[in-house]
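In what follows, a single structure is set out as structure tokens and then discussed.
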Amino acid sequence: MMKPLTCMIVGGGYAGINAVKAIRESLGEGAHAQNLRIVLIDKQPYHLRKVLLFKPASGEADITLPLKSLFQKAFNLSKVQ
């Protein structure tokens, strides 16, 4: 039995989100995926889509995406202050 590993990703921006998705896709659903804990560290519990900053100024939709909605499968959110 392999010792569980922890992968720390700092930042919930585009690079951090894509890193989590790429790691999950590369490991698949096999035994390696079960032995890896991915930790995404960010100040906020959401991703701010900065390319859409003009929308709130024009009265349109919210430009934040909750991280829970991006990583629904096996996502455990812990708020750290």
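Only the coordinates and a few stated rules stand behind these numbers; no lab work does. Only a predicted model underlies this, so the values are computations on that prediction, with no experimental measurement involved. Positions of Cβ are backbone-derived with ideal geometry, glycine not excepted, and every protein chain shown enters the neighbour counts.
If you stretched the chain out fully between I41 and L27, how much longer would it get, using 0.36 nm times the residue separation minus the C-alpha to C-alpha distance?
Between I41 and L27, full extension yields 3.0 nm more.
Compactness check for the stretch 1-45: Cα Rg over 2.2 N^0.38 Å is 1.21. Test of understanding: extend the Cα→C-beta vector of I63 to 7 Å, then name every residue of the stretch 5-22 with backbone N under 18 Å from that spot. Flagged as within label range: 12-15.
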